[in-house]
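I have placed the structure first, in the form of structure tokens, so that the comments after it can refer back to it.
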Amino acid sequence: MIKYQTEFEGYLKGAKLNNNESVDTVIKTLHSVSKHLGFNISTKNLGSNEDVKAYTKQLTQAKKLPPQALKQFTAAMQHYVNMVNGL
């Protein structure tokens with residue numbers, strides 16, 4: 001689950017996404033992040049660049065994701081943090 005998902009979708013519609021990203025893919029990817037990390041995404045646990053770094057490190061150490069998926073997970077988390085911080 002993603003807390004503030006509706007707001008996040010609205011943010012993504014106005015954000016500059018990479019060529020291979022769409023609002024739907026970023027949302028689906030962030031849901032996968034939630035599943036892999038074992039908790040619901042919220043502003044309390046994903047609100048800073050330090051959080052993105054820590055969770056990326058945790059996912060890397062788990063060695064369950066190919067590099068491209070890890071890159072997509074990191075990008076989705078960064079988009080959420082950017083929304084939280086009003087960037």
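The values are calculated or read from the model by the stated rules, or taken from the named source; none is laboratory data. Model, not experiment: these values are computed from the prediction. Note that we place each Cβ from the backbone using ideal geometry, even for glycine, and neighbour counts take in every protein chain shown.
Cβ-Cβ distances below 7 Å connect no pair with a first residue in region 1-26 that is on the phi > 0 side of the Ramachandran plot, a second residue that is part of a helix (DSSP H, G or I) and at pLDDT below 95, and a separation of six or more residues or different chains.
Could you tell me whether Thr25 is polar (S, T, N, Q), within 18 Å of Ile2 (Cα to Cα) and in contact with a Phe, Trp or Tyr (Cβ under 9 Å, 6 or more places away or on another chain)?
In short, no.
Applying the set (1) more than 13 Å from the chain's Cα centre (by Cα); (2) over 21 Å from Leu87 (Cβ atoms) to Asn18 leaves exactly one unmet item: (2). Residues in region 4-54 that are among the charged types (D, E, K, R), under 21 Å from Leu65 (Cα atoms), surrounded by 14 or more Cβ atoms within 10 Å (Cβ to Cβ) and modelled with pLDDT of 95 or more: Asp51 only.
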